[in-house]
Amino acid sequence: MGFFARFQLWLQRFMYGRNGPDQLSLVILIVYLVFYLVAQIFRWPILAIVSLALLGWCFFRMLSRNVTARGKENQAFLSFFRRLKSHSNQQKSFRQDKDHRYYKCPKCGNILRVPRGKGKIEIKCPVCKTEFIKKT
Ligand SMILES: [Zn+2]
């Protein structure tokens, strides 16, 4: 058996029952690389320490045998990321809508769509009945 095949077998055995790489670890690794580079370029020792801590965290997650806990962390990270993405998609569709303006109800946070170009109008939130005046 060649060295590479032996190494692969060893790695397989070593990683058995461990979390291994996942999306969160990958993002931590990318942030580590960025921090490391910035620390090298600007010679910031604190950032270098932070980047090392990130690398340690990344390895800890990949080698962790507590797969359930790491899986939960990864899921929480993914759902946060999805929310962020859907929020920015929403903002984009609001900007593309040239016939309406979007306002957030100051009381309940409900998003209200009103026609554009009507001057100052009173908007009434259908959810909590709060009224507020906005320029359209
Ligand atoms: Zn409201």
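All of the numbers you see were taken from the coordinates with simple rules; none came from a lab. Bear in mind that the values here come from a model prediction, so they are computed numbers and not experimental data. Note: ideal-geometry Cβ built from the backbone for every residue, glycine included; neighbour counts use all protein chains shown.
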Check your understanding: Roughly how tilted is helix 23-42, in degrees to the nearest 10 and between 0 and 90, from the longest Cα axis of the chain?
Key -> 90 degrees
**Study point:** No Cys partner within the rule (Cβ under 4.7 Å), the chain
**Key:** Cys58
Practice item. Run the quick spin-label model on Phe4 and Thr136: label points 7 Å from Cα toward the beta carbon, then report their separation in nm to one decimal. Key: 6.7 nm
Review point. How much length, in nm to one decimal, is gained on full extension between Phe60 and Val27, taken as 0.36 nm per residue of separation minus their Cα-Cα distance?
Key: 10.5 nm
Revision key, fill the gap. Residue span Val50 to Ser88: 0.36 nm per residue of separation minus Cα-Cα distance leaves a gain in nm of 10.8 nm
Point to revise | Backbone HN-Hα couplings from phi across region 61-66 [Karplus 6.51/-1.76/1.60, Hz, Gly and Pro as x] | key: 5, 5, 8, 5, 8, 7
Check your understanding: Between exposed trypsin sites (Lys or Arg not before Pro) in the chain, where DSSP calls loop and at most 16 other Cβ atoms lie within 10 Å, what's the longest gap?
Key -> 66-97
Study note, to complete from the structure: Inter-part gap, Cα centre of region 1-30 to Cα centre of region 59-105, in whole angstrom, is 28 Å
Check your understanding: How large is the dipole of region 18-135 about the Cα centre if only Lys and Arg carry +1 and Asp and Glu carry -1, each at its Cβ, rounded to the nearest 20 debye?
Key -> 660 debye
Point to revise | Contact order normalised by residue count of the chain, Cα under 8 Å, 6+ apart, percent | key: 17 percent
**Study point:** Residues Ile133, Ile49, sorted so that the one with the fewest Cβ neighbours within 10 Å comes first
**Key:** Ile133, Ile49
Practice item. Kindly give Rg over Rh for the chain, based on alpha-carbon atoms, with the Kirkwood expression for the hydrodynamic radius. Key: 1.25
Review point. Looking at Ala39, Gly71, Phe7, which one has the Cα that reaches farthest to the positive end of the dipole of the chain (charges on Cβ: Lys, Arg +1; Asp, Glu -1)?
Key: Gly71
Practice item. Find, among the chymotrypsin sites (Phe, Trp or Tyr not before Pro) in region 1-70, those assigned to loop by DSSP (not H, G, I, E, B) with at most 13 other beta-carbon atoms within 10 angstrom. Key: Tyr16
Review point. Once phi is turned into ³J(HN,Hα) by the Karplus curve 6.51 cos²θ - 1.76 cosθ + 1.60 with θ = phi - 60°, what whole-Hz value does each residue of region 49-59 show in order, with x for glycine and proline?
Key: 5, 4, 5, 5, 4, 4, 5, x, 4, 4, 5
Point to revise | Environment charge at Lys129 (Cβ cut-off 14 Å; Lys +1, Arg +1, Asp -1, Glu -1) | key: 0
